[in-house]
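The values are calculated or read from the model by the stated rules, or taken from the named source; none is laboratory data. Note that the structure is predicted; figures quoted are calculated from it, not measured. Quick reminder, even Gly has a Cβ in these numbers, built from the backbone with ideal geometry, and neighbours come from all protein chains shown.
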């Protein structure tokens with residue numbers, strides 16, 4: 001596998017899309033968190049509402065891991081787009097066939113792609129951890145690992161997005177079409193998720209039936225549902241009408257969906273014509 005990953009690295013290291021999207025993601029993680037940090041420090045803390053409901057500091061060390069992970073989750077589209085480009089290019093330029101001719105097995109081919117998606121998720125998580133540490137230090141609060149588990153949730157979300165991107169690429173094989181389907185599916189699922197969440201609120205309010213946020217039970221939203229903004233006074237006001245967050249159920253569903261995505265991608269490559 002190490003040898004195959006080295007070959008994969010030779011393919012992508014000088015690829016412009018890889019350089020640009022990777023750089024944008026790394027800078028974006030820092031930028032989006034800096035915006036939140038600046039707004040909270042320079043604006044929110046000065047308004048009268050903040051004085052009424054209490055001070056909220058999302059980058060204190062007991063919150064920085066959760067805040068940074070949540071904010072960075074909004075730009076995980078960039079690594080996913082990169083996965084789509086890398087995979088569909090194999091079909092566009094017929095390099096997947098050449099790899100097989102050169103002695104790769106189909107199993108090796110898809111496994112190295114899955115490993116690439118896994119490594120991309122790991123590197124994204126390391127960037128988030130480093131960024132959270134920087135902003136935590138900037139808050140001048142005592143070091144704490146409270147909430148560090150949210151970086152694990154971020155990893156699951158990053159891996160889910162990458163595996164969905166890989167699956168769509170394997171099924172469609174054309175860069176533009178695959179990218180379009182990825183965005184359309186994500187938008188459709190988010191729309192359905194919002195409807196389910198409204199239904200969840202209605203069920204709790206009218207019937208006293210708390211099924212949790214049912215929108216989080218969908219494939220991509222299961223990963224999204226694991227990452228939430230830290231508890232704050234405004235969030236506390238809405239808790240009385242919002243469904244309970246069943247984190248354990250969402251985690252199990254997220255893991256199950258990941259297995260499904262991997263199995264589907266694997267079997268698609270193994271059983272279909274090249």
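The rows are residues; the columns are (1) closer than 20 Å to residue 226 by Cα; (2) surrounded by fewer than 16 Cβ atoms within 10 Å (Cβ to Cβ); (3) out of contact with any strand residue (DSSP E or B) (no Cβ under 7 Å at 6 or more places or on another chain); (4) at pLDDT 85 or above.
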site: 84; (1), (2), (3), (4): no, no, yes, yes
site: 100; (1), (2), (3), (4): no, yes, yes, no
site: 111; (1), (2), (3), (4): no, no, yes, yes
site: 115; (1), (2), (3), (4): no, yes, yes, yes
Problem - Single residue of region 188-236 satisfying the filter (more than 27 Å from residue 36 (Cβ to Cβ) and at pLDDT 90 or above) that is surrounded by the most Cβ atoms within 10 Å (Cβ to Cβ) - result: 217
Exercise for the section: Scan region 120-151 for residues that are within 15 Å of residue 5 (Cβ to Cβ) and touching a residue at least 24 places away in the same chain (Cβ under 8 Å) and jot them down. Expected result: 120, 121, 122
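What residue, among those in region 251-274 that are modelled with pLDDT under 90 and in contact with a helix residue (DSSP H, G or I) (Cβ under 7 Å, 6 or more places away or on another chain), is farthest from residue 90 (Cα to Cα)?
Initial filter on region 251-274 (modelled with pLDDT under 90): 269-274.
From the residues that got through so far, the ones that are in contact with a helix residue (DSSP H, G or I) (Cβ under 7 Å, 6 or more places away or on another chain) too are 269-270, 274.
Working: 269: 12, 270: 15, 274: 11 Å.
So, considering only residues that are modelled with pLDDT under 90 and in contact with a helix residue (DSSP H, G or I) (Cβ under 7 Å, 6 or more places away or on another chain), the one farthest from residue 90 (Cα to Cα) is 270.
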Handout entry: Number of the exception - residue 69 against (1) touching a helix residue (DSSP H, G or I) at 6+ places or on another chain (Cβ under 6 Å); (2) modelled with pLDDT under 90; (3) within 21 Å of residue 148 (Cα to Cα)
Key = (2)
Completion exercise
Subset of region 191-219, residues closer than 18 Å to residue 153 by Cβ and assigned to a helix (DSSP H, G or I), comes to 193, 215, 216, 217, 219
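To keep it simple, each residue is scored yes or no on (1) in a helix (DSSP H, G or I); (2) closer than 17 Å to residue 175 by Cα; (3) under 15 Å from the mean Cα position of the chain (by Cα); (4) touching a residue at least 60 places away in the same chain (Cβ under 8 Å).
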{"position": "60", "(1), (2), (3), (4)": "no, no, no, yes"}
{"position": "66", "(1), (2), (3), (4)": "yes, no, yes, yes"}
{"position": "80", "(1), (2), (3), (4)": "yes, yes, yes, yes"}
{"position": "83", "(1), (2), (3), (4)": "yes, yes, yes, yes"}
{"position": "88", "(1), (2), (3), (4)": "yes, yes, no, yes"}
{"position": "91", "(1), (2), (3), (4)": "yes, yes, no, yes"}
{"position": "98", "(1), (2), (3), (4)": "yes, no, no, no"}
{"position": "103", "(1), (2), (3), (4)": "no, no, no, no"}
{"position": "107", "(1), (2), (3), (4)": "yes, no, no, yes"}
Problem - Conditions (1) buried (at least 17 other Cβ atoms within 10 Å of the Cβ); (2) within 14 Å of the chain's Cα centre (by Cα): number failed by residue 152 - result: (1)
